[in-house]
Structures are given as structure tokens and as C-alpha cells.
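Below is one structure, written out as C-alpha cells; the observations come after it.
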Amino acid sequence: MNDSAAPDLPRRRPVWLVVVAAALLAIVVAVAAAEAAGWPFLAQPLERWLSQRLGRTVLVTEPGGTGFSVRFIGSVRLATPRLLIAAPAWSKAPHLLLARDAQFEWGYADLWRATQGQVLHTRRVVAQMLDVQAERRADGQASWALFPPDKDAVETPLPTVGSLQVVAATLRLDDVPGRMKLTADAVVDGGLRLNARGTYREMPVQGTVSAPSLAASAALSVKASVGRASLAFDGTAAALPRLDLIDGRFTMQGPSMAAMGDPVGVTLPTTGPFHASGRVQRQPGRWDVEVASMTVGASALAATFVYETRRTVPLLSGQLRGKRLLLKDLGPAVGVAVPGAPAAQAPRQAGKVLPDRPFDLAALRVMDAHIDIDIAEVDLNTRWLEPMKPLRGQLRLAGGVLLLTDLDARAGQGRLAGSLHLDGRGTQALWLANLHWDGLRLEHWLRTDRDVAAANAGKTATPYATGRLEGRATLRGRGLSTADILAALEGSVRTQLHDGTLSHLAVEVAGLDVAQSLGVMIRGDNLLPVTCALADLVAERGVLRPRVLVLDTTDSVIWIDGTLSLAGEALDLRAVVTPRDFSPLALRTPLRVRGSFAAPEVSLEKGPLATKLAAGLLLALINPLAALIPLVDPGDNAAATQGAAGCTVTAQQAAQQARKVTRKPTQEPVQGPTQELPKGGRR
């Protein structure tokens, strides 16, 4: 019997595998069908889930539930005839967002970041009508915060939009911490037309933006004003309305240069009225600004800046240059109010002259800066001193600490150098100054009415003083304003005159020498050689006291002592003149300068003067001519020479110490010996 092979029979698949495959296929088909249909049955469940998740009413349909669709493949895409997101319970607004015939798209990563407290980014918005009414309270709570904010966030950021196309849009923003109330109406339909109005920091705001196209590169025109500050821009932009790329010309003007930085969040000093024009370019994370012309008051400046915003702390770098800068035009930046500039934040006390406007220390912490300064001429806002020509330095701002280093200013054929330091990290500003000067020729640096009158007549006047001035100042202070810092001033100032001369008339007038003053005026003023001139001052708790303040000439020695209180803005100084020569008619009594900075009073010391006058009256009873005897001054060359010797010794010590400080810049100057003033005009 022949055996034949049995035929192979097909194996039967397990029933469960068939069922699973069929179920998966059914699910895929169902999901595909639902995705194609837009999941219309999810409208009400989605409303309930979103309302519960966000803690406020959310509606995604019109009554009746028609026209709604949502899709989830690739991204979340919502299309609805109405999207309503209510305002939080504390808000008085009717809603946060109301959109009609709208389409929205969100990426899953965008939604995840929003749930973690980061900014909500919407990739695309298309709508017939969009109405946004946003509020932020004084405590920082914002109606647009749909999810709990990041615990490390300083404030709740505004949501961002990638692509926006809206036939009609309205935005109402009431931001209490930002002191802004704004209403804007816009149309985005291939182009952009926007009108905005409201208030910012209690100042009226209005502006218009127009762009005929939202193409890759479209024309853009902006006109805006905040109070008396205004901005005009004409150029091109890309990726509207985000303004990722812009390039064009601008003009800005207003009551302060600080308003110039407001549109891009740059901290600039408060100044007098300004006008600027130039070119601005922006790309993501960076602004490039070329200020071709900028006037601040009567100052003429120019600048080139780069502002980088993608750093952890934004950085402003570049160069500030110009033909002329008047110090008074920067007055508000150091606490001085000037006409046309914003008013001081705190009222000035009656009878006070030192700047008391509070520093804006918070502004020092908003960004970092690295600016090179090169100004051809700096006017010091006084008619008594010639301008500095030029002034150069480097301004650094980092972590709330402002430094002016590599300072190099030229004046009177001499040089002022050193550094200034303002630390704004604490609740009060800490100010440090380390300055030194050399080669300042008084005859070129000082200006007097006699110089001006002679120059107007085409002549050259005899100067009141000549010589080369050198010195050093090491000072520090702490406070909320310039006045506070000066009231707490500590440190020392030392300056000395070399190869100097002084007006003969000025010396005789200071010594109340009537006869010799008349003689000098009759024959004409001349210059007396100065043997030694030294001022060595110490500052303690805002009070300046001279350790040595002496001027030795071939005619007389002048000593000054007393106090100058920066804390109380008060003067109490005494000048004593020791003559070397004979005078037939001299009062020879110490001069006193007292009173406040606002109203100083110059008087004669009554004791010595009364003694001379009383003696003169008694002698007049014998012979009228004898009344002049007490006014005769024989001079005392020995006493004057002995007193001036201390000046010479101290000056030599100061010169030695200056050489040591030059070799070791961090070393504190050695204090010189204290000189006591003679009483009654004699030492």
C-alpha cells in the first residue's frame, strides 16, 4: 500500500488577535472620521473641562452648538463661531476674550509650557472680530493668567501670537502696576491699520500704525505720542505684527531723554528737553540705533547704540559723542530740576540749594551698559570756569553698579582724571569718587567779569590769579539723592598752587587795607607772587573743615578756618590776614562768612574792629587826626613768615604723599598737620 502525503491545512489565527485588529481598525477609522468631522460632540465636554481647569467660564459654541470643530493631529486647531473666555471673578470686565468666526492653532509644546506658568503662545489667529479686555491689579494678578504663573516669575507675561489676521479687533488694557490704560482698534487683513489711545503714567497716549501689506518685507509707518514726547518712524518691517525685523528712519522729541528709551525698554537718564533723529534696525534679540543728531537743551550730541535683549540681563553698548554738552541739560539725572524737564519727585525744602531729587535706583538694575564717551566740549554750568575740552571716559553699568572710569578731561591746559562709582544695589546709593588733577592754569581756567569786559573791548585783562593747580580728592557718601550723599560725605580734598600769582588789589581788599587798596586802584592792579597756597580739607559726616587753608604772598598771608556744612547747607568761615608791610589806613579785622548756601552773609568780626574804633573815638577827643592812629598798621613780616612756614612744610609733605599715591593708587592720602589760625590778625 502506497502511502501518500497528507495535504497542508491553513493554520487558524487566534480569535482574540482578529478581534484586537478589528477594534484597532475601527478606532483608527472612527478617529479619522471624527478628526475629519472636527469632533463636534466634544463641544460641551470641552467647555465643561476648560471651565473647570481654568476656573472661569469658557464657551466654544453658539447656542445650538453648530459650527464648532477641533482637531488634534499635529497641533490643536480650533474653529468656532464664538469663543468666550470670561474674566476672573475679581475683574469688572465683561470678558477676557470674545472672538467671532475664529480659528486658533496651538502647538502641544506651547500648551505644555503655558501649564507650567510660562507665556501662552498661539501660532495662528484668524477671526472676523476679536475683543480683548485685559486687566492687571496692583498686587500683580493679571486677568490673562489662565494658568498659575511660574513661582520665579517677576510678573505675568502677556500672551504672544505668531500669525494674526483679523477684520476688526479691539484691545482694552488696564495695567495698574504699569500705570497704563489703553484702547486700540485694529484691522489686520493683508495689511495693518491700528489706532491707539489712552494714558501712560497719567500722561495722554495716542498712536497710529499702518502697513499696506504683511508680506515678507512691507512698508511700515508709526506715529505715537506719550504726553509731550513723540515718535515718528518710516521704514520697512517683516513678520508683522511681531516686528521681528524693522529698518527705517526715526525722529523723537520730548521733555526728557529718558522717554527715548521707553519704546524699547532702555534705561536712559532724565534730562532737559530733547530732539533726536537717526536710523533704527531690529532683528530678533537685538536693536541697532544710529542717532545722527540729538539735541538735549542746548547740547549737541550723537550716538551709536546696540541693545541686546536675549541676554539674561539686557545689554546696551556703543558710543556717546558730541560737539557740546552743557551740564545743566543733564540736571535731572543728578537730581537738579531744569526748565522744561519733568518735575522733581520730592518737593525741595525751603532755603535749600543742593539737588534733592531721589535717584531712580531701580532703573540701574534693569539692564547692563558699556558706553564709550567722547565729548568735544563740556560746559560746567558756571560762568566762572572755562569748559572742559574734551571729556572722555567709559561708562559701565552692571548689576546695579554704575562706573565712570578712565575719566580724562582737559581744561586750562591741565588734566582731570580718575573715576566715579555709584552702587545702586541697596536701598540707598553708595557714591565713591577718586579724582586727581594737575597742570590746571588758573589764568586760562578761571573766568571773571573783568575778563569778559576786556574781551568785549578787544583787550586783555590782568588776571586775578595765575599758576598751576594740582590736587586730589577721595570722597564717599551714601543716600537717596545728591543732597543725601553730600550730607553724609566722608574723605579728603587737597589742592596746591605752584608758580602762582594773585591780584594785589584782591589781597588788599581781603585785608581791609583801605589806603593800599586805593593806591592799587589809582596806579593799576598788579600780580603778587604766591610763595605757598594750599587747601587741605577733611570731610566728616557732611561737614568740610580745613586742616590747612592758607595763601602766602609777598604782601600778606591769608588764613581761613571754620566749617562748611553740606548736611545743613550752612557756612561758618573765618579769614584772617597777616600783613607784611606798613599801611596808614587799615581796618585789619577778620572776615566772617556765615549763613546758608542760599543766602550767605559776609561780615567783619566785631571784637577787633570795635576795639580799633573805640580807641579812635577816644583819641579824637584829644586831636581829630589822632583818631587815625589805631588804623595805622605797621605790618609784621616776622609773624607772617613764621605762619607761612607751616604752609611750606605741609606743601612739601603733600608733594611727597602725592608721589606715593601715584605709585600706589589704592593707598589713602596721609593726613597733614593741622594749622591753627592766629587770633585778631596776628599769629
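Computed from the coordinates by the stated procedures, all read-outs in this text should not be read as laboratory data. Only a predicted model underlies this, so the values are computations on that prediction, with no experimental measurement involved. Ideal geometry is used to build each Cβ from the backbone, glycine not excepted, and the neighbour counts take in all protein chains shown.
General observations
- Converting phi to 3J(HN,Hα) with the Karplus coefficients 6.51, -1.76 and 1.60 and the offset θ = phi - 60°, the stretch 399-412 yields x, x, 10, 9, 10, 10, 10, 6, 5, 9, 10, 10, 7, x Hz in sequence order, with x at every glycine or proline.
- Near the amide H of residue 124, within less than 5 Å, lie the amide hydrogens of 105, 162, 163, all on another chain or at least 5 residues away, with H placed in the peptide plane.
- Two-site FRET efficiency, residue 392 against residue 16, from Cβ-Cβ distance with R₀ of 60 Å, rounded to 0.05: 0.10
- With both labels modelled 7 Å from their Cα along Cα-to-Cβ, the residue 323 to residue 383 distance reads 2.4 nm.
- Applied to the stretch 104-115, the Karplus parametrisation 6.51 cos²θ - 1.76 cosθ + 1.60 on θ = phi - 60° returns per-residue 3J(HN,Hα) values of 10, 9, 10, x, 4, 5, 4, 5, 4, 4, 5, 5 Hz, with x for Gly and Pro.
- The stretch between residue 175 and residue 376, if pulled fully straight at 0.36 nm per residue, gains 68.0 nm over its current Cα-Cα span.
- Pairwise centroid distance, computed over Cα atoms, of the stretch 78-143 with the stretch 391-415, Å: 49
- Placing +1 on the Cβ of every Lys and Arg and -1 on the Cβ of every Asp and Glu, with no other charges, gives the stretch 31-189 a dipole of roughly 200 debye about its Cα centre.
- Estimated inter-spin distance, residue 92 and residue 310, nm [label 7 Å along Cα→Cβ]: 4.3
- In sequence order, the stretch 85-97 has phi-based couplings of 10, 6, 6, x, 4, 7, 7, 8, 6, x, 6, 8, 9 Hz under the Karplus curve 6.51 cos²θ - 1.76 cosθ + 1.60, θ = phi - 60°, and Gly or Pro positions carry x.
- Efficiency of FRET from Cβ geometry, residue 476 and residue 277, R₀ 60 Å, rounded to 0.05: 0.90
- Cross-link pairs beyond the 26 Å C-alpha cut-off, checked among 92/223; 328/389; 223/328: 92/223; 223/328
- Point-to-point label distance, residue 48-residue 121, nm (Cα→Cβ direction, 7 Å offset): 3.4
- In this structure, residue 213 and residue 34 have a Cβ-Cβ separation that, at R0 = 30 Å, corresponds to a calculated FRET efficiency of about 0.20.
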